[in-house]
Amino acid sequence: MRNRPTLPVQKTVIERVLNIISIILLVGMIGYVAAMWGSIGDRVPIHFNAVGEPDAWSGKFSIIGILIVPVALYMFLTFLGNRPHTHNYLVEITEENAQRQYKNSCLMLSWLKIILIATFAYDTWRTVDISLDRANGLGTYSAVVFIGLLFGTIAIFIFRSIRLK
């Protein structure tokens with residue numbers, strides 16, 4: 001890693017769009033909780049079983065934790081995205097392939113960022129709705145969709161990294 005070139009990597013249009021959508025989701029999530037705060041019950045779900053049903057409950061202030069995690073994830077993934085020379089790669093990074101590998105890695109982080117933040121936004125929305133007795137759970141397939149998107153995205157970008165060798 002010490003011998004890797006440190007190159008400036010320009011963000012692509014898709015990365016900028018994904019970043020803007022991520023910010024909109026974060027602001028929307030925080031705004032939704034703020035708007036609903038007075039209506040949220042004293043008991044909110046904090047854990048869900050494999051089929052999306054709540055199986056642990058806490059006080060209303062636990063929703064603040066649900067908001068802190070995606071903001072922290074956004075900041076961390078943005079920080080990492082600005083330092084692609086520090087990422088782990090399956091291929092050796094050389095002067096010839098560094099730019100391609102760095103762009104691929106940064107794009108993967110942008111997709112992972114939006115998947116994670118969209119999942120937290122959905123979970124927050126459903127958590128508030130469950131607290132208000134407007135929903136029963138996250139939905140039977142929410143965990144499957146999340147895991148599929150997360151690992152599918154990683155697999156696609158691993159394949160691309162090998163191809164861009």
Between Thr119, Thr127, Thr12, which gets the highest mean-square fluctuation from a Gaussian network model of the chain, Cα cutoff 10 Å? Thr12
Under the 7 Å Cα-to-Cβ spin-label approximation, Arg100 and Phe61 lie apart by a distance in nanometres of 5.4 nm
Which value in deg cm²/dmol, rounded to the nearest 500, describes the helix-derived mean residue ellipticity at 222 nm for the chain, given -39,500 (n - 2.57) per DSSP H run of n ≥ 4 and division by the residue count? -21500 deg cm²/dmol
Using only Cα atoms, locate the centre of the range 122-165 and the centre of the range 22-88, then give the distance between them in Å, rounded to an integer. 13 Å
Evaluate the charge dipole of the chain about its Cα centre and quote only its size in Debye, nearest 20, assuming +1 on the Cβ of each Lys and Arg and -1 on the Cβ of each Asp and Glu. 660 debye
Using θ = phi - 60° and Karplus 6.51 cos²θ - 1.76 cosθ + 1.60, couplings along the range 44-59 (whole Hz; Gly, Pro as x): 10, x, 10, 8, 10, 7, 5, 9, x, 8, x, 10, 8, 10, 8, x
Which net charge results for the neighbourhood of Gln10, defined as the other residues with beta-carbon distances under 15 angstrom from its beta-carbon, given Lys and Arg at +1 and Asp and Glu at -1? +4
For Trp57, distant residues with modelled amide H under 5 Å away: Ile46
Just name one of Ser131, Leu18, Tyr141: the one whose Cα is farthest towards the positive end of the charge dipole of the chain (beta-carbon charges, Lys/Arg +1, Asp/Glu -1). Leu18
Could you pull out every one of the lysines with an alpha carbon less than 19 Å from that of Lys165, ignoring same-chain neighbours closer than 8 positions? Lys103
Could you point to the label whose value was computed as Rg/Rh (Cα atoms, Kirkwood Rh) for the structure here, given [x] 0.99; [y] 1.14; [z] 1.07? [z]
Net charge contributed by nearby residues that have their C-beta within less than 12 Å of His87 (K/R +1, D/E -1): +3
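Bear in mind that the values in this text are calculations on the coordinates, not laboratory data. Note that the structure is a prediction, hence the values are computed from the model and not measured. All Cβ positions, glycine included, derive from the backbone under ideal geometry; neighbour counts span all protein chains shown.
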